[in-house]
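Asker: Below you'll find the structure I mean.
The values are calculated or read from the model by the stated rules, or taken from the named source; none is laboratory data. Please read these numbers as outputs of a predicted model, since none were measured by experiment. With ideal geometry, Cβ positions are generated from the backbone for all residues, glycine too; neighbour counts draw on all protein chains shown. Areas reflect the complete protein model, heavy atoms only, side chains present, ligands, DNA and RNA absent. Shrake-Rupley method; radii C 1.70, N 1.55, O 1.52, S 1.80 Å.
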Amino acid sequence: MNDDNTKGRRRDRELDPRIAARLAARAARAAREQEQGLERTARDVTDPSTYMGPEDTLSGAPAEGRVIGESGTGKVDGLAKITGRAIFADDIRLPRMAFVKLLRSPHPHARIASLDVSEALAMRGVLDVAVGPDLPVRHGAIPVAQDETALAIEKVRYVGEPVAAVCAVSEEIAWEACRRIKVVYELLDPVLSIDDALSDDKPIIHDWKRKKSNVLRRVHQTYGDVDKAFEDSDLVFEDVYEYPASTHVPLEAHCAVATPLDGGRLQVWSSTQNPHYMHRTLARVLGMDTADIRLIKPDVGAGYGGKCDTFCSDILAAYFARKLGRPVKMAMEREEVFYAHRGRHRTRMWLKMGMKKDGTITAIDFKAWADGGAYSSYGVVTSYYLGVFMPLPYKLEHYRFTSWRLYTNKPPAGPKRGHGAIQPRFALEVHLDRMARQLGLEPADVRLHNMFGPDSITVNGLRITSMGLAECMEQVRAHSGYDRKRGRLGKGRGVGIAASAYMCGALHPVYQTNTPHSGVQVKIDRSGRVTIFTGTADCGQGSNHMVAAIVAERLGIRPEQCTVVEADSDLCPVDLGSYSSRVTFMAGNAALHAADKLRKLLVAAAADKLGVAPDAITCHDGRYEAGERGLSWTDVVELAESTYGTLGATGSYRPPKIGSRFRRQSVGPSPAYSFTAQVAEVTVDEETGIVTVDRVWAAHDLGRTLHREIAEGQIEGCVYMGVGEAMLEEQVYKDGVMRTPSMLEYRVPTIYDTPEIHAILVESHDPEGPYGAKECGEGPQLSTVPAIANAIYDACGIWLTHPPFTPERVLKALRKRDRERARAAAAQAQE
């Protein structure tokens with residue numbers, strides 16, 4: 001769900017008065033808090049249920065050293081990646097390694113009448129062939145929706161579903177053996193659309209389930225009196241929106257390597273974002289104890305949510321390695337990655353909103369139908385995410401939503417960056433603009449008018465701590481010149497604005513447990529080298545640098561003095577994974593907790609040597625000082641080890657208890673939320689229908705900047721992906737066959753398609769985030785598509801309700817506009 005590379009990065013430093021903005025933000029925040037009578041220092045941020053740190057530590061406390069907020073320095077693991085020294089899963093080569101390839105289904109829905117692998121098994125160099133019944137245990141990302149097997153059993157449910165797997169001494173032999181497998185299919189009527197999935201006349205895709213339906217999950221929640229609020233509204237407006245399916249396109253394809261260890265154990269390397277959940281799934285499917293599997297996440301070449309699930313590549317590599325007693329690799333090819341999918345759900349949405357003449361939102365009624373493909377993946381969570389974030393960031397007392405996550409005969413959808421929140425945000429932000437214009441109001445002012453402040457609770461129980469969206473709005477309006485440009489740029493040119501909110505980690509893991517969500521272990525060697533063991537999964541977003549920076553800041557050293565050992569189940573404590581933008585907030589707090597413990601020992605040793613009180617010691621740049629006297633880092637380490645023994649500490653984090661599971665609020669609550677405002681500037685050629693996104697300004701409330709360039713890169717990457725979904729990306733099927741299963745046919749933005757991106761960092765200093773930090777890896781994408789849609793209307797007077805905004809859709813909307821204008825002119829002439 002986060003960036004490994006930023007494409008088309010451009011900055012405008014002159015439009016980013018960093019110091020002035022921070023001073024203004026602090027002054028505005030102080031004035032606002034004084035006006036509201038808030039005493040932020042009274043917040044109990046050290047409640048053990050909120051932050052598992054020492055009693056005298058505030059996670060939002062100001063940094064003392066020189067690390068937090070710095071710029072101009074690289075990631076601690078950046079040099080290895082740009083020099084080619086980083087080891088990805090497909091780089092692993094082991095003696096006697098065998099290779100796995102798959103036979104995949106050519107049909108979207110069919111029963112497997114017969115399956116003959118004898119000719120493949122007889123081939124020289126083929127070691128084994130597996131079919132569905134060899135791995136019968138169903139698995140899935142969510143325990144309540146375990147519906148997938150490594151290989152199809154009895155029937156296939158989408159084109160590209162694995163039917164058989166060949167393990168051979170080379171990939172070429174494995175491919176040839178797959179061609180020799182004979183399968184007889186009995187074709188079934190496919191379910192290929194949202195309407196098909198809702199129809200009683202179509203077959204049930206998972207007919208083995210007790211509930212005979214193609215609806216995986218229906219969610220319905222109501223707050224307040226929605227119908228009465230509509231009656232009291234000055235304007236009520238409704239429309240239907242469509243959001244396309246899209247996929248992640250990470251640079252690295254899925255790959256897994258497994259090898260047997262002594263004592264019947266197994267070691268697995270996987271290009272995963274969620275090593276802990278995969279660890280549990282592998283053990284369950286293989287019938288092993290988790291202690292007998294060592295799972296290692298090597299360097300990962302991006303994921304964006306596409307590597308959150310456990311895939312057949314992981315299971316099959318482990319299965320064959322265990323069975324054959326030799327190393328096994330399975331690496332997907334690019335076309336296979338498209339079939340593995342787990343990308344954005346195609347979603348149909350109906351939105352009805354009420355509004356007063358002054359722009360106050362009175363009520364929202366929202367329905368969403370999500371095409372989830374053949375298996376559940378994270379679809380249960382999707383069904384909630386489609387609706388629970390709608391009351392953010394605007395005050396809303398009357399709200400109702402219903403969502404359906406559906407099965408169809410397509411590759412399974414799942415969590416793509418901004419999981420489940422992108423689609424409804426597009427509908428809401430465009431709808432809000434449309435209603436504001438109908439009332440003759442400035443859309444940006446309507447947003448500000450309805451906006452929550454800090455320390456608020458939404459109608460559905462989401463807790464807002466820090467809130468910098470008002471400043472984000474001010475920043476993008478000022479930097480872009482929005483107020484002087486809107487409606488004044490001339491024919492074919494326009495600007496649009498949008499705002500959004502996103503979570504900083506899910507409050508609950510996918511399985512029930514009272515254990516911490518993240519753990520970090522820190523060891524200080526006698527040489528002064530610090531080693532950080534963390535279960536986090538860096539997939540390019542910079543989480544390794546994040547934990548190193550937090551530990552280094554707290555200990556008063558440089559991140560370069562830290563070695564990060566990540567995601568090795570034999571060495572590292574558990575972290576739940578890189579999803580829902582949780583890592584900075586949760587693992588960051590765990591790292592701070594561990595570093596706090598060590599800092600106490602180091603400061604005490606330095607204070608004793610210098611003959612001063614511990615609170616007289618300052619720590620920065622590798623020096624522990626009291627006035628003009630001080631000690632070097634290595635001297636302090638030696639003193640502390642001499643006094644207290646070997647230096648090491650663990651830290652943990654579990655989020656606070658928010659909301660009520662009885663009220664079905666187990667999905668959506670988060671310890672904090674980030675906020676974004678964006679302005680897009682576009683040019684529309686009415687002759688060709690071609691839309692060019694010229695510039696995007698994105699201001700993001702990230703709580704506190706831990707590293708400027710990494711944060712800017714995340715924001716720019718989010719905008720880049722948003723531009724792709726707005727202008728180019730759409731997975732299209734014909735009779736269940738994907739028409740774009742390659743990077744030649746599935747278009748993502750190139751450098752030539754990427755606009756100027758101006759990233760603006762807004763700091764609200766969250767009282768519970770590590771050094772005040774919040775997420776910035778997913779939230780900035782939510783505003784991009786609606787900002788572009790709203791800019792297109794400003795440019796040429798058409799509302800586009802279905803991305804991507806292709807020339808065909810633009811021209812169709814322009815023709816409709818011209819017809820409506822002609823009818824209006826004719827009616828006026830008759831009057």
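Asker: Hey, which aspartates and glutamates would be in cross-link range of LYS182, C-alpha to C-alpha under 19 Å, not counting anything within fewer than 8 residues on its own chain?
Answerer: Cross-link targets: ASP116, GLU119, ASP128, ASP134, GLU154, GLU161, GLU172.
Asker: If the chain between ASP195 and ALA613 were fully stretched, how many nm would it gain, using 0.36 nm times the residue separation less the Cα-Cα distance?
Answerer: Numbers: separation 418, 0.36 × 418 = 150.48 nm, distance 7.19 nm.
Answer, rounded to one decimal: 143.3 nm.
Asker: Take the alpha carbon gyration tensor of the stretch 667-736, find the square roots of its eigenvalues, order them as a ≥ b ≥ c, and report rounded if a/c is under 1.5; if not, report prolate when a/b exceeds b/c, else oblate.
Answerer: Working: a/c = 2.61, a/b = 1.50, b/c = 1.74.
Oblate.
Asker: Taking a ≥ b ≥ c as the square roots of the eigenvalues of the Cα gyration tensor of the stretch 372-493, is the shape rounded (a/c under 1.5), prolate (a/b larger than b/c) or oblate?
Answerer: Values: a/c = 2.25, a/b = 1.55, b/c = 1.45.
Note, shape of the stretch 372-493 comes out prolate.
Asker: Also, quick follow-up: Simple spin-label model, 7 Å along Cα-to-Cβ: TRP350 to GLU333 in nm?
Answerer: 4.5 nm
Asker: Quick query: amide H of ASP575 versus all other amide H atoms, modeled in the peptide plane; which residues come in under 5 Å with a sequence gap of 5 or more or a different chain?
Answerer: GLY519, GLY535
Asker: Can you list the residues, at least 5 places off or on another chain, whose amide H is less than 5 Å from the amide H of GLN731, using H built in the peptide plane?
Answerer: Residues meeting the amide H criterion: ALA245, SER246.
Asker: Still on this model: For ARG124, put the label point 7 Å out on the Cα→Cβ axis and report which residues of the stretch 156-195 keep their amide N under 18 Å from it.
Answerer: Flagged as within label range: 168-178, 180.
Asker: While we're on this one: Taking loop as defined by DSSP and a crowding limit of 10 other beta carbons within 10 Å, which GluC sites (Glu not before Pro) in the stretch 527-635 fit? Don't skip to the end; give the middle numbers.
Answerer: Working: sites: GLU553, GLU560, GLU566, GLU625, GLU628; in loops: GLU628.
Answer in residue order: GLU628.
Asker: Any idea of the accessible area per residue across the chain, 1.4 Å probe, to the nearest Å²? Kindly include the intermediate steps, with their values, before the conclusion.
Answerer: Working: 30350 Å² over 831 residues.
So the chain comes to 37 Å² accessible per residue, rounded to a whole number.
Asker: Oh, and also: Quick one: 3J(HN,Hα) in Hz for the stretch 164-176, Karplus 6.51/-1.76/1.60 with θ = phi - 60°, rounded, Gly and Pro as x.
Answerer: 8, 10, 10, 10, 9, 6, 8, 5, 4, 5, 4, 4, 5
Asker: For a label point 7 angstrom out from the Cα of VAL737 toward its Cβ, which stretches of the stretch 328-353 have the backbone nitrogen within less than 20 Å?
Answerer: 334-341
Asker: I need the peptides 402-409, 311-318, 362-369 ranked by packing, meaning the mean over residues of other C-beta atoms within 10 angstrom, with the highest value on top. Write down the numbers at each step before the final one.
Answerer: Details: 402-409: 26.2, 311-318: 28.0, 362-369: 22.8.
The packing order, highest mean first, is 311-318, 402-409, 362-369.
Asker: Please check which bits of the stretch 231-268 a label hung off TRP175 would reach, taking the label as a point 7 Å along Cα-to-C-beta and the cut-off as backbone N under 19 Å.
Answerer: Output list for this probe position: 253-256.
Asker: How about the stretch 238-294: which trypsin sites (Lys or Arg not before Pro) there lie in a loop by DSSP and see at most 13 other Cβ atoms within 10 Å?
Answerer: Working: sites: ARG265, ARG280, ARG284, ARG294; in loops: ARG265.
For trypsin sites (Lys or Arg not before Pro) across the stretch 238-294 that sit outside H, G, I, E and B with at most 13 neighbouring Cβ atoms in 10 Å, the list is empty.
Asker: Follow-up question, since we're still on this one. Dipole magnitude of the stretch 759-831 about its Cα centre, charges +1 at Lys/Arg Cβ and -1 at Asp/Glu Cβ only, in debye to the nearest 20?
Answerer: On the way: 9 positive and 10 negative charges, 162 e Å.
Roughly 780 debye for the stretch 759-831.
Asker: I need the calculated FRET efficiency for the pair GLN512 and GLU397, taking r as the beta carbon distance and R₀ as 45 Å, to the nearest 0.05.
Answerer: Numbers: r = 32 Å, r/R0 = 0.72.
Efficiency, rounded to the nearest 0.05: 0.90.
Asker: Here is a follow-up. Apply the Karplus parameterisation 6.51 cos²θ - 1.76 cosθ + 1.60, with θ equal to phi minus 60°, to every residue of the stretch 227-234 and state each ³J(HN,Hα) to the nearest whole Hz, in sequence, with x for glycine and proline.
Answerer: Once rounded to whole Hz, the list reads 5, 5, 5, 5, 4, 8, 7, 7.
Asker: Defining a contact as two alpha carbons under 8 Å apart and six or more residues distant in sequence, what relative contact order in percent does the chain show?
Answerer: 18 percent
Asker: Using a 1.4 angstrom probe on the protein heavy atoms only, could you order LYS202, LYS523 from most to least accessible area? Don't jump to the answer; show the numbers that get you there.
Answerer: Numbers: LYS202 50, LYS523 75 Å².
Output order, biggest surface exposure first: LYS523, LYS202.
Asker: With an 8 Å Cα cut-off and a minimum separation of 6 or more residues, compute the relative contact order for the stretch 455-525 in percent. Don't jump to the answer; show the numbers that get you there.
Answerer: On the way: 26 pairs, mean separation 10.1, N = 71.
About 14 percent, as a whole number.
Asker: Show that you can apply the helix-only estimate: for the chain, add -39,500 (n - 2.57) for every DSSP H stretch of four or more residues, divide by all residues, and state [θ] at 222 nm to the nearest 500.
Answerer: Values: 20 runs with 242 residues, N = 831.
Rounded to the nearest 500, the figure is -9000 deg cm²/dmol.
Asker: Shifting gears a bit: Hey, got the dipole for the chain? About the Cα centre, +1 on K and R Cβ, -1 on D and E Cβ, debye to the nearest 20?
Answerer: Values: 105 positive and 108 negative charges, 227 e Å.
Value, rounded to 20: 1100 debye.
Asker: Here's a follow-up. Calculate, in nm to one decimal, what LEU94 and ILE82 gain on full extension: separation in residues at 0.36 nm each, minus their alpha carbon distance.
Answerer: That works out to 1.9 nm of additional length.
Asker: Of the listed values [x] 85, 64, 57; [y] 99, 85, 45; [z] 95, 79, 50, grab the one calculated as Cα extents along the principal axes in Å from the structure here.
Answerer: Given [x] 85, 64, 57; [y] 99, 85, 45; [z] 95, 79, 50, the structure-derived one carries the label [z].
Asker: Something else now. How would the stretch 717-831 be classified by its alpha-carbon gyration tensor: rounded, prolate or oblate, with rounded meaning a/c under 1.5 and the a/b versus b/c comparison settling the rest? Could the numbers behind the result be given before it?
Answerer: Details: a/c = 2.93, a/b = 1.46, b/c = 2.00.
In terms of gyration-tensor shape, oblate.
Asker: Next question, about the same structure. Among the chymotrypsin sites (Phe, Trp or Tyr not before Pro) within the stretch 696-737, which fall in a DSSP loop and have no more than 13 other Cβ atoms within 10 Å of their own Cβ?
Answerer: Values: sites: TRP697, TYR720, TYR733; in loops: none.
Nothing satisfies the criteria.
Asker: Right, something else. What's the FRET efficiency of SER632 with ASP262 using the Cβ-Cβ distance as r and R₀ = 56 Å, to the nearest 0.05? List each step's numbers first, then the result.
Answerer: On the way: r = 44 Å, r/R0 = 0.78.
The pair SER632/ASP262 has a calculated efficiency of 0.80.
Asker: Rank by packing, highest mean first: peptides 782-788, 451-457, with packing defined as the count of other Cβ atoms within 10 Å averaged across residues. Write down the numbers at each step before the final one.
Answerer: Numbers: 782-788: 31.9, 451-457: 16.9.
By packing density, highest mean first, the sequence is 782-788, 451-457.
Asker: Here is a follow-up. Which one of ILE153, PRO741, PRO244 has its Cα pushed farthest toward the positive end of the charge dipole of the chain, where Lys and Arg give +1 and Asp and Glu give -1 at the Cβ?
Answerer: Looking along the dipole axis, the top candidate is ILE153.
Asker: Report the charge-dipole magnitude of the stretch 577-732 in Debye, nearest 20, computed about the Cα centre from +1 at each Lys and Arg Cβ and -1 at each Asp and Glu Cβ.
Answerer: 1380 debye
Asker: Additional query: Would you please give the residues with an amide H less than 5 Å from that of GLY736, counting only those at least 5 places away or on a separate chain, with H modeled from the backbone geometry?
Answerer: The list, which skips near neighbours in sequence, is empty: none.
Asker: Another question, then. What percentage of the solvent-accessible surface of the chain, computed with a 1.4 Å probe over protein heavy atoms, is contributed by carbon and sulfur atoms? Display every interim value, and only then the final one.
Answerer: Values: 15080 of 30350 Å².
Carbon and sulfur: 50 percent of the exposed surface of the chain.
Asker: Tell me the label-point distance for the pair ARG210, LYS812, using the 7 Å Cα-to-Cβ offset, in nm and rounded to one decimal.
Answerer: 4.3 nm
Asker: Let me ask something additional. Pop the C-beta distance of THR222 and LEU441 into the FRET formula with R0 = 30 Å and round what comes out to the nearest 0.05. Could you put the intermediate results ahead of the total?
Answerer: On the way: r = 28 Å, r/R0 = 0.93.
That gives a FRET efficiency of 0.60.
Asker: Considering the dipole of the stretch 557-622 built from charges on the beta carbon (Lys and Arg +1, Asp and Glu -1) around the Cα centre, which of MET586, VAL612, PRO559 is farthest to its positive end?
Answerer: Projecting each Cα onto the dipole axis, the largest value belongs to VAL612.
Asker: TYR644 to THR360: extension gain in nm, 0.36 nm per residue of separation minus the Cα-Cα distance?
Answerer: 96.1 nm
Asker: Express in Å², to the nearest 10, the accessible area of HIS479 obtained by rolling a 1.4 Å probe over the protein heavy atoms while all chains stay in place.
Answerer: 20 Å²
Asker: What number comes out for the charge environment of LEU188, summing +1 per Lys or Arg and -1 per Asp or Glu over other residues with Cβ under 9 Å away?
Answerer: Numbers: positive: ARG111, LYS155; negative: GLU186, ASP189.
Charge balance near LEU188 sits at 0.
Asker: To continue, here is another question. What are the ³J(HN,Hα) couplings of the stretch 575-592, residue after residue, when phi is run through the Karplus curve with 6.51, -1.76, 1.60 and θ = phi - 60°? Round to Hz, x for glycine and proline.
Answerer: Karplus values, whole Hz, x for Gly and Pro: 10, 6, x, 9, 7, 6, 6, 9, 5, 4, 5, 8, 5, x, 5, 5, 5, 5.
Asker: Going toward the positive end of the dipole of the stretch 405-550, with +1 on Lys and Arg Cβ and -1 on Asp and Glu Cβ, which of GLY487, PRO516, SER543 do you reach last?
Answerer: It is GLY487.
Asker: For a quick protection proxy, order the peptides 204-212, 536-544 by their average other-Cβ count within 10 Å, most packed first. Present the calculation step by step, with values, prior to reporting the outcome.
Answerer: Numbers: 204-212: 12.3, 536-544: 29.1.
The peptides rank, most packed first, as 536-544, 204-212.
Asker: Measure up LYS357/LYS491; LYS155/LYS297; LYS367/LYS395 against 27 Å on the Cα-Cα distance and list the ones that go over. Intermediate results must be reported in sequence, preceding the final value.
Answerer: On the way: LYS357/LYS491 29 Å; LYS155/LYS297 33 Å; LYS367/LYS395 19 Å.
Going by Cα-Cα distance, LYS357/LYS491; LYS155/LYS297 fall outside the 27 Å limit.
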